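Each remark here refers to the structure printed beneath this line.
Throughout, read-outs are computed from the coordinates displayed, never taken from laboratory work. Predicted, not measured: the structure shown is a model, and the values here were computed from it. Cβ placement follows ideal geometry from the backbone for every residue including glycine, while neighbour counts extend to all protein chains displayed.
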Amino acid sequence: MSILALDNVSYTYKSRYQEVQAVKNASFSFQQGKVYALVGKSGSGKTTVLSLLAGLDLPSEGQVNFGNTSTRQLDRDKYRREDVAVIYQAYNLFPLLTALENVMYPLELKGIKAKEAKPQAAEMIISVGLTEEVFKRYPAMLSGGEQQRIAIARALASRPKVILADEPTGNLDTENGANIVSLLKSLAHEKNRCVIIVTHDLSIAGQADVVLRMHDGEVALEG
Ligand SMILES: Nc1ncnc2c1ncn2[C@@H]1O[C@H](COP(=O)(O)OP(=O)(O)O)[C@@H](O)[C@H]1O
Ligand SMILES: [Mg+2]
């Protein structure tokens, strides 16, 4: 069974002056254990699809289904806290928290006490290939690649089944970008996560199990 699915999804941004149909009748089923790349020109609707999958917004028409449940029926706050993680190009770490505290944050949101959250966060940071040395550093004291690893560790701390990444390597050099992609791949293939990466980098798309292309709001499987 698919973990996440778009069922005839359309999305229209409406303002007083204009309407933009950003997603048009998109249908697709995502499975656990696979890496998906979502490619397409700027403005084709990729970020909008990701925010619908993340439950940040609801489709104008159609359904986004997590397992058997539409995001219209889901407790979307709980869904975002426990089942899905989003990683951004800009890392979005909390600047006034150390690396370790950044990763502890979602655990504490779940009600886990600091005493337990600390070793769990430490384990996550080690699992993304960093060492104890970074625990006490603030984001500004980390390289871009290290910051993105901390952002991934933070995203993984709540053990979500679905990992969504919007241009996660956009600010990284080729080598660090490739490292992040192998990390995301191992999460899908070894930890059975469903990983969906928005990218315009074709070398990243080439490493995905499935490539989807967006064109003017339409989603199609790349042949
Ligand atoms: N908040 C918004 N209000 C109005 N239009 C938007 C908004 N966000 C995105 N759009 C429009 O929706 C379309 C798809 O945007 P987006 O999903 O960000 O594409 P991509 O991520 O592929 O660059 C574009 O035409 C964009 O201008
Ligand atoms: Mg975008």
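Using the per-residue mean of other Cβ atoms lying within 10 Å as a proxy for protection, in what order, highest first, do the peptides 93-102, 126-135 fall? Working shown, then result.
Values: 93-102: 17.7, 126-135: 14.8.
By packing density, highest mean first, the sequence is 93-102, 126-135.
Once both labels are modelled 7 Å past Cα along the beta-carbon direction, what's the R81-E123 spacing in nm?
2.1
Which part of region 203-223 falls in the paramagnetic zone of S10, meaning amide N under 14 Å from the point 7 Å along Cα-to-beta-carbon?
Only 217-219 pass the distance filter.
If you plug each phi of region 10-17 into the Karplus form 6.51 cos²θ - 1.76 cosθ + 1.60 with θ = phi - 60°, what whole-Hz ³J(HN,Hα) values come out, in order, with x for Gly and Pro?
Result, ordered by residue: 10, 9, 10, 7, 10, 10, 4, 9 Hz.
Assigning unit charges at the beta carbon (Lys, Arg +1; Asp, Glu -1) and nothing else, what dipole magnitude in debye, to the nearest 20, does the chain show about its Cα centre? Could the numbers behind the result be given before it?
Values: 25 positive and 25 negative charges, 108 e Å.
In total the dipole reaches around 520 debye.
Within 10 Å, count the other beta carbons around each residue, average over each peptide in 61-73, 150-162, and list them highest first.
Working: 61-73: 16.0, 150-162: 22.5.
Final packing ranking: 150-162, 61-73.
Could you name the lysines in cross-link range of K161, using Cα to Cα under 27 Å and dropping any fewer than eight places away on the same chain?
K24, K34, K46, K78, K110, K113, K115, K118, K185, K191
Would you compute, from DSSP H runs of 4+ residues alone, the mean residue ellipticity of the chain at 222 nm, taking -39500 (n - 2.57) per run and dividing by the full residue count, rounded to the nearest 500? Don't skip to the answer; put the middle values down first.
Working: 7 runs with 75 residues, N = 223.
Using -39500 (n - 2.57) per qualifying helix, the result is -10000 deg cm²/dmol.
List the aspartates and glutamates whose Cα sits under 17 Å from the Cα of K136, skipping any in the same chain fewer than 8 residues away.
E101, E123, E146
What is the dipole size for region 42-109, taken about its Cα centre, with +1 at each Lys and Arg Cβ and -1 at each Asp and Glu Cβ, in debye to the nearest 20? Walk me through the numbers before you get to the answer.
Working: 6 positive and 8 negative charges, 34 e Å.
So the magnitude is around 160 debye.
Taking each pair of different alpha-carbon atoms in the chain once, compute 1/r for the pair, average those values, and report the inverse of that mean as the Kirkwood hydrodynamic radius in Å to one decimal. Working shown, then result.
On the way: mean 1/r = 0.0560 Å⁻¹.
Evaluated on the chain, it is 17.8 Å.
Putting +1 on Lys and Arg Cβ atoms and -1 on Asp and Glu Cβ atoms, find which of L56, Q21, G40 reaches farthest to the positive end of the dipole of the chain.
Final value for the positive-end residue is L56.
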